[in-house]
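The values are calculated or read from the model by the stated rules, or taken from the named source; none is laboratory data. Note that the structure is predicted; figures quoted are calculated from it, not measured. All Cβ positions, glycine included, derive from the backbone under ideal geometry; neighbour counts span all protein chains shown. Calculation scope for accessible area: heavy atoms of the full protein, side chains included, ligands and nucleic acids excluded. Shrake-Rupley method; radii C 1.70, N 1.55, O 1.52, S 1.80 Å.
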Amino acid sequence: MSPVTSRRTSGSRMLQNMDWVTVLLYFLLVALGWMNIYAAVYSPDNVVNIMSFDINSGKQLVWIAASLLLIVVLLVVDYKVYEHLAYPIYGAIILLLLVTLAVAQPIAGSRSWLDLGGGIRLQPAELAKFATALAASRFLSTISLRQQNFKDQMKLAAITLLPPAIIILQNETGSALVFAAFVLAYFREGISPLILIIGGSVAAIFILTLLIPKLYLILALTVVLALVTWLDYRLLRRYKTMIALWAVIVGMIFSVDFFVNNVLQPHQQNRIKALINPEADPLGFGWNVTQSKIAIGSGGFWGKGFLEGTQTKFDFVPEQSTDFIFCTIGEEQGWVGSTVLIGLFVFLLIRIVMVAERQKSVFGRTYGYCVASIIFFHFLVNVGMTIGLAPVVGIPLPFFSYGGSSLWSFTILLFILIAIDANRSQDLAR
């Protein structure tokens, strides 16, 4: 068989094996996002064509077209490249993050955007997600986390934490928080569940300390620990450990105020205050969340209709085509439209997990779970912050929010997985 015929046969096989359901979900979400970007910037007093480059929907159309070319490249490239060049790609993105930190001009207090000229800007922090997913998956394909090798775990932690450390230096905390989602993928590969338990407990104690008076919280935790110790007689033999655990928790409770008031920056403190009680300053730090909840609530069951959202029209919700685009769905499409959108994301996540589980290689499976974890985190936090259940950290809704860097990042994430999945039969043959 000639090389040309071989390539045609391989391409035909890949198209046949491609997960078209996931591809369809991608294009459906991108199309719905594009329409809602237009709805978010639409003004009845100055109607502009949806494809006009003067508004965000027209600009986003350019990024969508560029994403189509990007998809073709991702599918044409030999899928083995993603595994073999995972570390060089990761290193290149780390270098790009450092360059950005050094040369980027401050925008809203953040030095995370590279100006490419012609009004085009790139946010390397978005690209760091897929690069880290590749590098972590490559590393995990060579070890077994289930062996609980401390040295390997530290190497994996370094791969995962280096990009967000640089991103935090760029003062882009929201993008850095996304890297916490990688723990979910590592849990599938055998990392100790103790890490999830400790992380969840620390987050819960932090939030409870802000909501409940310290004395009441300490009394409640003391009762809980005493009850658990009493019910499990084996813990009675480890009473020193239980006392030490109690002391650590109490120390954490008393350290929360110091952390919030002395470590966090003023805008980060306001985000915490807005999460706890946005009504305390509805015209200040609580404005975004308050207006977001009003917009979503005003949509009712069926919504006001496409382009009929009053909160959207009059710009009550800031960043309504990016971070708060879910408000447009809630107001114009109501509970029904919001539920449909959430259902599409849940379906996409389930599909990605199914794709990950059927991979023949550890690299492919781990990468699939990294993709699912990142999209899940973005979806959960973005929707949560619009309804007051998560702090406003400024991360986009995947495939939906306006922005080229975000769209490219999620497109690369997803279609590398689709390319790997389409060639999984070759992994089995090897």
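Based on what the data block shows, is A158 in contact (Cβ under 8 Å) with a residue 40 or more places away in the chain and in a helix (DSSP H, G or I)?
Values: in contact (Cβ under 8 Å) with a residue 40 or more places away in the chain: no; in a helix (DSSP H, G or I): yes.
Spelling it out, it is not the case that A158 is in contact (Cβ under 8 Å) with a residue 40 or more places away in the chain and in a helix (DSSP H, G or I).
Can you find, within region 302-342, the residue that is farthest from the chain's Cα centre (by Cα) among those that are part of a loop (DSSP other than H, G, I, E, B) and small (G, A, S)? Working first, answer last.
If we filter region 302-342 for residues that are part of a loop (DSSP other than H, G, I, E, B), which is where we start, we get 302-309, 314-325.
Checking the rest, the ones that are also small (G, A, S) come to 303, 305, 309, 321.
Numbers: G303: 27, G305: 29, G309: 27, S321: 17 Å.
The qualifying residue farthest from the chain's Cα centre (by Cα) is G305.
Residue pairs, Cβ under 8 Å, 6 or more apart or interchain, first in region 34-56 and open to solvent by 60 Å² or more (accessible area, probe 1.4 Å), second at pLDDT below 75. List them.
P44/K313
Only residues that are at pLDDT 85 or above and open to solvent by 30 Å² or more (accessible area, probe 1.4 Å): list them for region 123-151, please.
Taking region 123-151 and keeping what is at pLDDT 85 or above, we get 123-142.
Correct list: R138, S141, T142.
Any residue in region 48-56 that is in contact with a Ser or Thr (Cβ under 6 Å, 6 or more places away or on another chain) and part of a loop (DSSP other than H, G, I, E, B)?
Going residue by residue through region 48-56, those that are in contact with a Ser or Thr (Cβ under 6 Å, 6 or more places away or on another chain) are 50, 56.
Still in the list and also part of a loop (DSSP other than H, G, I, E, B): 50.
The answer is yes, given that some residue of region 48-56 is in contact with a Ser or Thr (Cβ under 6 Å, 6 or more places away or on another chain) and part of a loop (DSSP other than H, G, I, E, B).
How many of the residues making up region 67-86 are over 23 Å from S361 (Cα atoms) and open to solvent by 30 Å² or more (accessible area, probe 1.4 Å)?
Just the residues of region 67-86 that are over 23 Å from S361 (Cα atoms), to begin with: 67-70, 72.
When the remaining residues are screened for being open to solvent by 30 Å² or more (accessible area, probe 1.4 Å), the result is 68-70, 72.
The number of residues fulfilling the criteria is 4.
Could you list, in sequence order, the residues of region 354-402 that are open to solvent by 40 Å² or more (accessible area, probe 1.4 Å) and under 20 Å from T160 (Cβ atoms)?
Listed by number, the residues that qualify are V362, R365, F376, F377, L380.
What's the number of the condition R351 fails, among (1) open to solvent by 20 Å² or more (accessible area, probe 1.4 Å); (2) part of a loop (DSSP other than H, G, I, E, B); (3) out of contact with any Phe, Trp or Tyr (no Cβ under 7 Å at 6 or more places or on another chain)?
(2)
Of everything in region 77-116, what is among the β-branched types (V, I, T) and in a loop (DSSP other than H, G, I, E, B)? Give them in sequence order. Write out each step before concluding.
Residues of region 77-116 among the β-branched types (V, I, T): 77, 81, 89, 93-94, 99-100, 103, 107.
Answer for region 77-116, where residues must be among the β-branched types (V, I, T) and in a loop (DSSP other than H, G, I, E, B): just V77.
For region 184-200, which residues satisfy the criterion of being open to solvent by less than 40 Å² (accessible area, probe 1.4 Å), at pLDDT 85 or above and not hydroxyl-bearing (S, T, Y)?
Of everything in region 184-200, just one residue is open to solvent by less than 40 Å² (accessible area, probe 1.4 Å), at pLDDT 85 or above and not hydroxyl-bearing (S, T, Y), namely A185.
Tell me whether region 209-216 contains one or more residues that are over 23 Å from L95 (Cα atoms), open to solvent by less than 70 Å² (accessible area, probe 1.4 Å) and of a type in the set (V, I, T).
Yes: region 209-216 contains one or more residues that are over 23 Å from L95 (Cα atoms), open to solvent by less than 70 Å² (accessible area, probe 1.4 Å) and of a type in the set (V, I, T).
Tell me which of these F130 doesn't satisfy, since it passes every other one: (1) assigned to a helix (DSSP H, G or I); (2) over 30 Å from F53 (Cβ atoms).
Only one criterion in (1) assigned to a helix (DSSP H, G or I); (2) over 30 Å from F53 (Cβ atoms) is unmet by F130, namely (2).
So that you can scan it fast, the table gives a plain yes or no per residue for (1) touching a residue at least 40 places away in the same chain (Cβ under 8 Å); (2) outside any loop (DSSP other than H, G, I, E, B); (3) in contact with a Leu (Cβ under 9 Å, 6 or more places away or on another chain); (4) under 26 Å from S144 (Cβ atoms):
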| position | (1), (2), (3), (4) |
| --- | --- |
| F345 | yes, yes, yes, no |
| A356 | yes, yes, yes, yes |
| S373 | yes, yes, yes, yes |
| H378 | yes, yes, yes, no |
| V381 | yes, yes, yes, no |
| G394 | yes, no, no, no |
| Y402 | yes, no, no, no |
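Output the number of the condition that F324 fails; it satisfies all remaining conditions of (1) touching a Ser or Thr at 6+ places or on another chain (Cβ under 8 Å); (2) aromatic (F, W, Y); (3) open to solvent by 10 Å² or more (accessible area, probe 1.4 Å).
(3)
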